[in-house]
1. Within the set of pairs 6+ apart or on separate chains, which have a first residue in the stretch 78-91 that is farther than 14 Å from residue 66 by Cα, a second that is not in a loop (DSSP other than H, G, I, E, B), and C-beta atoms under 7 Å apart?
2. If you take the residues of the stretch 9-23 that are in a helix (DSSP H, G or I) and small (Gly, Ala, Ser), which of them is farthest from the chain's Cα centre (by Cα)?
3. Hey, could you check the stretch 24-68 for residues that are more than 26 Å from residue 4 (Cβ to Cβ) and of a type in the set (Ser, Thr, Tyr) and say which is surrounded by the most Cβ atoms within 10 Å (Cβ to Cβ)?
4. Just to be sure I understand the filter: pairs with C-beta atoms under 9 Å, separated by 6 or more residues or on different chains, first member in the stretch 12-37 and under 17 Å from residue 76 (Cβ atoms), second member surrounded by 13 or more Cβ atoms within 10 Å (Cβ to Cβ) and of a type in the set (D, E, K, R). Which pairs pass?
Amino acid sequence: MSSYHEPVEELSQEARNFSRALNSLKEEIEAVDWYHQRVVTSNDKDLAAIMAHNRDEEIEHACMTLEWLRRNMPGWDEELRNWLFKEGDIMGAHGDHDHDDHDDHSEGSSDSLGIGKIK
């Protein structure tokens with residue numbers, strides 16, 4: 001079963017690579033969740049240690065895929081640099097990041113609800 005939402009023949013090789021990376025990232029994150037659940041519920045410390053090792057390898061794989069996305073897919077580099085490795089309130093940093101793809105609908109435009117930005 002295809003994970004494409006558009007006809008595959010209309011997607012460039014680059015778009016298909018982005019889809020491969022994004023799907024791999026989802027799968028790695030899901031595996032982290034599964035292994036972590038097994039770690040915290042196991043009553044066998046040796047098995048829990050093995051599962052923790054497996055979980056940590058999945059985190060490594062997810063990070064490698066994120067780095068590939070950062071280097072190759074538009075938008076990732078800027079957003080990762082803006083959000084990662086910062087101190088303080090995570091949502092507090094949101095106010096510092098005023099550019100938004102949804103800003104095209106500014107107050108007073110014909111397709112605006114006239115509400116303006118929430119700050």
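The values are calculated or read from the model by the stated rules, or taken from the named source; none is laboratory data. Given the structure is predicted, the values throughout are model-derived calculations rather than measurements. Here the Cβ is made from the backbone with ideal geometry for all residues, glycine too, and neighbour counts use every protein chain on show. With ligands, DNA and RNA removed, areas are computed over all heavy atoms of the protein, side chains included. Shrake-Rupley method; radii C 1.70, N 1.55, O 1.52, S 1.80 Å.
1. Close Cβ pairs satisfying both conditions: 86/93.
2. From the stretch 9-23, those in a helix (DSSP H, G or I) are 9-10, 13-23; that's our starting set.
Right, trim to small (Gly, Ala, Ser) and you get 15, 19, 21.
Working: 15: 17, 19: 13, 21: 11 Å.
The qualifying residue farthest from the chain's Cα centre (by Cα) is 15.
3. Applying the filter and picking the extreme gives 35.
4. Within 9 Å, the pairs are 28/58; 29/58.
Yes/no per residue for (1) modelled with pLDDT under 90; (2) part of a helix (DSSP H, G or I); (3) open to solvent by less than 100 Å² (accessible area, probe 1.4 Å); (4) not basic (Lys, Arg):
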residue	(1), (2), (3), (4)
70	no, yes, yes, no
74	no, no, no, yes
94	yes, yes, yes, yes
107	yes, no, no, yes
